[in-house]
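Single-structure report; data block below.
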Amino acid sequence: MCTNKAYVQAFSHVRGLHMQKLFQEAQHAYDVAVQLASEPRFTGSEGEAKAREFIVRELKNLGYDVKLEPFKVKVYQVKHVSLEVLEPRIGSVECTGVGFSGETGEDGVEGDLFYIEGGDPILEPSSRNWIGLASTRPDKDAWRRLVKKALGLLIAESSPHRELSRVEVPVEWRERFGNLPAVYVRYNDAVKLLDAKRVRLTLLQDYREVEAFNIVAEKKGVKYPDEIIYVTAHLDSVYGVKGAVDNAGGSALTVAIAKALASSNLKRSIRFVLFSGEELGLRGSLAYVEAHKDELKNAVLVLNLDVHGGAVGSTRVVVTGSKSLRHSVEFISKKLGVKTEVSEDVMSSDSASFARLGVPSVNIFRSSGANVVMHTEQDSPELLHPMSFELPGLLTLKLIDEIADAEEVPFEREISDDVKKKVEEYFKKRLGIFE
């Protein structure tokens, strides 16, 4: 098993109770991440239920009172997917179905193949009943247009080195716009398909509604208990993928932070929330903020941990908030000696659900070469390393310590106007689940 002995020795000069604890908890975070990534955790699946039970036990063993908050969510199951090149008669091409995109029926759909880049209107045929080959998944507006013209869609992977994605479009796209059965193909296969004239696509999938659960645990503040700092991560993975980096690592780091704070007495409350349904369009966090809307007026900050554990990499931060919040993060990271690239933006993660209601967030994530295989079957435990949890965990814990124990919150609890626009754009155009 990998150890972080050399790293601990190199940073033996670091002082502070929480920081010393974190060095002890990095291995624990790694162990938890490996356990969580032992099988896929798609929303509502048996694998997610096992992971949830494991996390609940971990938090209860640390002395936390743990609650499960249920919500309803729609999920899918891919029953069959295939792609056959008919002209020239090349034969089968391996592909993966895009969840919620639609169905072809058992006989599939057959049509002429046209390359349409990213859904560029100039490349789309004026006729109907063709099949498109796209260089990336079209956005909501292009998808709505393609539904009216195309029988199906092939989407190329972004790199020759990337395996097939296991992803979905928002269920609302199918419900509002209609059926557009879509699959992912490998980059090199897409290059070959540029010369294909006619293909047959078959995609069969089922849909159902399930009950999913968010996990909630809290450390009550001793002076300002109604003021809450959230530490969040998502527990679920995409369909059929173990999701080590995305996001067993972030969930495990949340548990490690909870362990480091278990015996602390901070002035403000720390609430840990592990969401389900993030990969399906932030469903767990959207359900949570709706249920706790009145309570969010006292929310100080969301510290969101999504994408962690990649063995070799660096610490990155996306601030969805005010300039003073960004400056606070930069000051603390420099004080620690943790190099971070800090940007002001909206991150495609559960923090966006809070930002939509005006709650600022700091998204701390691991930038690593391991991230390029997220949402594929390659996102598995061998990508993880104990050392990767050290610096992101250290920064998270120090931010909690500085903000939770301050007499006054050292930044404005607001989101700047330019970032607000990005949040609105994200939900309307990129995620596309709100009209």
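Read-outs: derived from the displayed coordinates by stated rules, not from any lab. None of the values given here were measured: they were computed from a predicted structure. Positions of Cβ are backbone-derived with ideal geometry, glycine not excepted, and every protein chain shown enters the neighbour counts.
Quick rundown of the values:
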| item | result |
| --- | --- |
| Among beta bridges that DSSP assigns inside the chain, antiparallel share in %, nearest 5 | 55 |
| Under 23 Å, Cα to Cα: Lys pairs in region 78-206, sequence gap 8 or more or different chains | 4 |
| In nm, spacing of pseudo-spin labels at residue 77 and residue 191 (7 Å Cα→C-beta vector) | 3.8 |
| Angle between the chain longest axis and helix 17-36 axis [Cα atoms, degrees, rounded to 10] | 30 |
| Fraction of antiparallel bridges per DSSP, region 78-206 only, in percent to nearest 5 | 55 |
| Lys, Arg +1 and Asp, Glu -1 on Cβ, resulting dipole of region 46-184 about Cα centre, debye, nearest 20 | 500 |
| Structure-derived Kirkwood radius over Cα pairs in Å: which label, when the choices are (1) 24.2; (2) 22.5; (3) 26.5 | (2) |
| Using a Förster distance of 22 Å, the FRET efficiency for residue 429-residue 294 (Cβ separation, nearest 0.05) | 0.15 |
| For region 49-135, convex hull volume per residue from C-alpha positions, Å³ | 193 |
| Relative contact order of region 78-206, pairs being alpha-carbon contacts under 8 Å that are 6 or more residues apart, as % | 43 |
| Estimated inter-spin distance, residue 46 and residue 87, nm [label 7 Å along Cα→Cβ] | 4.6 |
| Sum of -39500 (n - 2.57) over DSSP H runs of 4+, divided by residues of the chain (222 nm, nearest 500) | -9000 deg cm²/dmol |
| Cα gyration tensor, region 99-192 - rounded (a/c under 1.5), prolate or oblate | rounded |
| Trypsin sites (Lys or Arg not before Pro) within region 313-353: DSSP coil, no more than 11 neighbouring Cβ in 10 Å | 339 |
| For region 207-365, projected area of the alpha-carbon convex hull averaged over all directions, nm² | 10.1 |
| For 201, 113, order by how many other beta-carbon atoms lie within 10 Å, fewest first | 113, 201 |
| Cβ-based exposure ranking for 266, 357, 194, 303, in which fewest neighbours within 10 Å come first | 194, 357, 266, 303 |
| Between region 174-201 and region 352-367, the alpha-carbon center distance in angstrom | 34 |
| Alpha-carbon centroids, region 256-333 and region 87-117: separation in whole Å | 40 |
| Relative contact order [Cα under 8 Å, 6+ residues apart], the chain, whole percent | 21 |
| On Cα atoms only, tilt of 46-61 relative to the major axis of the chain in degrees | 0 |
| With Cα atoms, 0 to 90° folded angle of helix 390-404 axis to the chain main axis | 60 |
| Cα lying deepest toward the dipole's positive end in the chain, options 24, 244, 146, charges on Cβ | 24 |
